[in-house]
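Peer 1: This is the structure I want to talk about, given as structure tokens.
The values are calculated or read from the model by the stated rules, or taken from the named source; none is laboratory data. Because the structure is a prediction, the values reported are computed rather than measured. Glycine also receives a Cβ, built like all others from the backbone with ideal geometry; neighbour counts cover every protein chain displayed. Side chains are part of the model used for accessible areas, which takes the heavy atoms of the whole protein and leaves out ligands, DNA and RNA. Shrake-Rupley method; radii C 1.70, N 1.55, O 1.52, S 1.80 Å.
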Amino acid sequence: MSRSTKLFEPYKLGPITLANRFVMAPLTRNRAVPGTFVPGALAADYYGQRASAGLLITEASQVSQQGQGYQDTPGIYSREQAAGWRKVTDRVHERGGKIFIQLWHVGRISHVDLQANGAAPVAPSAIRAKGKTFVNGTFADVSEPRALELSEIPGIIDDFKRATKNALEAGFDGVEIHGANGYLLEQFAKDGTNKRTDAYGGSIENRARLMLEVSKAVVAEAGTERTGIRLSPVTPANDISDSNPQALYEHIVDGLGELKLVYLHVVEGATGGPRDIAPFDYAGLRKRFAGAYIANNGYDFDLATKVLDSNAADLIAFGKPFISNPDLVERLKTGATLNDWDKTTFYGGSAKGYTDYPTLEAAEAAE
């Protein structure tokens, strides 16, 4: 049986045509080479196996050492890292897929053991997050951050610009700016974490400034049609909050619209948690933005079909189901049973729980 819904239809995203409306969401897997943070040979296998998704978005990749917050996450700031990613993009393209890289600065969600010379992580304000990070093979409390000096902010923007240049040289079809889940750009945007009194604090316009300046710099490097962004208006992830998210995100999305980004990738509700954690008008954001809208968080076949049919989104991001089902597109198309994922192998490790989940074809051949 083959199920026919909008999910399986091609979609034109800027200059590229996606084979279907599936997006593989960015998923942190902590398997880059320790010390160099180069994606290893297994990463090419992992992404290559999942190339039947219309668009793959890589795991978040730090734009600088300062931007790293977890053990063994890949970077995109060195030539060596870009060369490692080139093997990934080549494999995905050989299999007919399209792939964007997610650009990341974690801000305060880091640990002194990941920072150069054991320095404090940076943040808009010196407020420690209640939360943990994965470092030295275990989960540890995040470290106390220091507030960024005004003079340091242009350097952060430059890090995103350089990472974008590296990403294009590595063969990516585009880049996604990580403006979600309680990391640096969202820390600046939300008033629960930003207590600054300078040009980057106080009003909505000031708090949104860094996210929009980074977006402008990335667009200058990649072009509008190869730049997307991920937002999470009401997630509490990484101890983040805002007193008026609707007004804040309407301002941000209007600014992103002026820059003509190719897509908004929106985490609806709590990241990996309840979709209805707080009231928010996602449809209003979609109306304000001319580019594509990628809906994310807790989507299955039925919800994806319903949302696409009602034109509430253009593309649907699936996360954990892609971890355990490299051929998720085929499985949902035929109504086949999905493999269960193994949480114990999500973060760090080797091929186990990374590249060894069977496809339908492999499972049938083994019977």
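Peer 1: Can you give the Kirkwood hydrodynamic radius for region 100-250, in Å, rounded to one decimal and based on Cα pairs?
Peer 2: On the way: mean 1/r = 0.0635 Å⁻¹.
About 15.7 Å, per the Kirkwood formula over Cα pairs.
Peer 1: Using heavy-atom solvent-accessible surface (probe 1.4 Å) with all chains present, what is the largest-first order of LEU55, LEU259? Could you put the intermediate results ahead of the total?
Peer 2: Values: LEU55 0, LEU259 40 Å².
Largest accessible area first, the residues go LEU259, LEU55.
Peer 1: How much space per residue, in cubic angstrom, does the convex hull of the C-alpha atoms of region 315-365 take up? Walk me through the numbers before you get to the answer.
Peer 2: Numbers: hull volume 4.2 nm³, N = 51.
Cα convex hull per residue, to the nearest whole number: 82 Å³.
Peer 1: Still on this structure, please answer the following. How long are the three semi-axes of the equivalent ellipsoid for region 223-309, computed from the Cα gyration tensor as the root of 5 times each eigenvalue, in whole Å, largest first?
Peer 2: Details: eigenvalues 81, 62, 26 Å².
After scaling each eigenvalue by five and taking roots: 20, 18, 11 Å.
Peer 1: What number comes out for the charge environment of ALA19, summing +1 per Lys or Arg and -1 per Asp or Glu over other residues with Cβ under 11 Å away?
Peer 2: Values: positive: ARG21, ARG95, LYS98; negative: GLU9.
Spelling it out: positives minus negatives among the neighbours equals +2.
Peer 1: Roughly speaking, what is the centre-to-centre gap between region 238-276 and region 36-56 when only Cα atoms are used, to the nearest Å?
Peer 2: For region 238-276 versus region 36-56, the Cα centre distance is 27 Å.
Peer 1: What is the set of long-range amide H partners of VAL135 at a cut-off below 5 Å, with H atoms built 1.01 Å from backbone N?
Peer 2: GLN71, ALA140
Peer 1: Nearest 20 debye, what's the magnitude of the dipole of region 44-94 about its Cα centre given +1 on Lys and Arg Cβ and -1 on Asp and Glu Cβ?
Peer 2: Values: 5 positive and 6 negative charges, 21 e Å.
Here the size comes out at about 100 debye.
Peer 1: When the Karplus curve 6.51 cos²θ - 1.76 cosθ + 1.60 is applied with θ = phi - 60°, which whole-Hz ³J(HN,Hα) does each residue of region 226-237 get, with x for Gly and Pro?
Peer 2: 10, 10, x, 8, 10, 10, 9, x, 10, 5, x, 3
Peer 1: Rank ARG275, ARG286, ARG79 by accessible area, highest first, at a 1.4 Å probe radius?
Peer 2: Values: ARG275 85, ARG286 45, ARG79 205 Å².
The residues order as ARG79, ARG275, ARG286, largest area first.
Peer 1: Report the net charge of residues surrounding LYS98, where surrounding means a beta-carbon distance below 11 angstrom and charges are Lys +1, Arg +1, Asp -1, Glu -1. Walk me through the intermediate numbers first.
Peer 2: On the way: positive: ARG95, ARG226; negative: ASP173.
Surrounding charge for LYS98 is +1.
Peer 1: Let me ask another. Radius of gyration and Dmax for the chain's Cα atoms, expressed in Å?
Peer 2: Gyration radius and largest Cα-Cα distance of the chain: 19.3, 65 Å.
Peer 1: About the Cα centre, and with charges only on the beta carbon of Lys, Arg (+1) and Asp, Glu (-1), how big is the dipole of the chain? Nearest 20 debye, please. Numbers along the way, then the final one.
Peer 2: Numbers: 40 positive and 44 negative charges, 49 e Å.
Dipole about the Cα centre, nearest 20: 240 debye.
Peer 1: Provide ARG230, ARG288 ordered by accessible surface of protein heavy atoms (probe 1.4 Å), highest first. All intermediate terms of the calculation are to be shown ahead of the outcome.
Peer 2: Numbers: ARG230 15, ARG288 100 Å².
So, going from the largest accessible area down, we get ARG288, ARG230.
Peer 1: With only alpha-carbon atoms counted, please give the Rg and Dmax of region 142-190, in Å.
Peer 2: 13.1, 37
Peer 1: Quick one: accessible surface of TYR11, probe radius 1.4 Å, all protein chains present, in square angstrom to the nearest 10.
Peer 2: Estimated to the nearest 10 Å², TYR11 gives 40 Å².
Peer 1: With 26 Å as the limit, write out which pairs from LYS12/LYS306; LYS98/LYS320; LYS130/LYS195; LYS260/LYS333; LYS6/LYS165; LYS98/LYS260 have Cα-Cα distances beyond it, or answer none. Walk me through the numbers before you get to the answer.
Peer 2: Values: LYS12/LYS306 20 Å; LYS98/LYS320 19 Å; LYS130/LYS195 17 Å; LYS260/LYS333 33 Å; LYS6/LYS165 34 Å; LYS98/LYS260 20 Å.
Checking Cα-Cα distances, LYS260/LYS333; LYS6/LYS165 exceed 26 Å.
Peer 1: Search the structure for amide H atoms under 5 Å from the amide H of GLU59, placed 1.01 Å from N in the peptide plane, and list their residues when 5 or more places away or on another chain.
Peer 2: LEU27
Peer 1: Using the Karplus curve 6.51 cos²θ - 1.76 cosθ + 1.60 with θ = phi - 60°, what ³J(HN,Hα) values do you get for each residue of region 187-202, in whole Hz, with x for Gly and Pro?
Peer 2: Karplus-based 3J(HN,Hα) across region 187-202 equals 4, 5, 5, 9, 6, x, 10, 10, 10, 5, 10, 9, 5, 10, x, x Hz.
Peer 1: Continuing with this model, one more query. Specify which residue in the list SER241, LEU264, GLY291 is farthest towards the positive end of the charge dipole of region 230-310, using unit charges on the beta carbon of Lys, Arg (+1) and Asp, Glu (-1), about the Cα centre.
Peer 2: Comparing the listed Cα positions along the dipole, GLY291 ranks first.
Peer 1: Related question: What value does region 167-256 have for Rg/Rh, both radii from Cα atoms and Rh as Kirkwood defines it? Could the numbers behind the result be given before it?
Peer 2: On the way: Rg = 13.4 Å, Rh = 13.4 Å.
My calculation of the ratio gives 0.99.
Peer 1: Could I ask something else about it? Helices from the chain with mean Kyte-Doolittle at least 1.6 and a Cα length along the axis of 30 Å or more, per DSSP H: which?
Peer 2: Numbers: long enough: none.
Answer set is empty.
Peer 1: Bin width 10 Å, origin at 0, all Cα-Cα pairs of region 71-171: what percent of pairs per bin?
Peer 2: Bin by bin from 0 Å, the calculated values are 14, 36, 32, 16, 2.
Peer 1: Next question. With every protein chain present, what accessible area does LYS165 have (1.4 Å probe, heavy atoms only), rounded to the nearest 10 Å²?
Peer 2: Taking all protein chains as shown, LYS165 has close to 100 Å².
Peer 1: Follow-up. Around ALA60, with a cut-off of 12 angstrom between Cβ atoms, what is the net charge of the other residues, counting Lys and Arg +1 and Asp and Glu -1?
Peer 2: Details: positive: ARG29, ARG230; negative: GLU59, GLU176.
Spelling it out: positives minus negatives among the neighbours equals 0.
Peer 1: Moving to a separate point now. Two decimals is fine: what is log10 I(q)/I(0) at q = 0.10, 0.14, 0.16 Å⁻¹ for region 279-367, from a Debye sum with one equal scatterer on every Cα and no solvent?
Peer 2: For the requested q values the scattering log ratios are -0.36, -0.63, -0.76.
Peer 1: At a probe size of 1.4 Å, how large is the accessible area of TYR282, to the nearest 10 Å²?
Peer 2: Number for this one is 40 Å².
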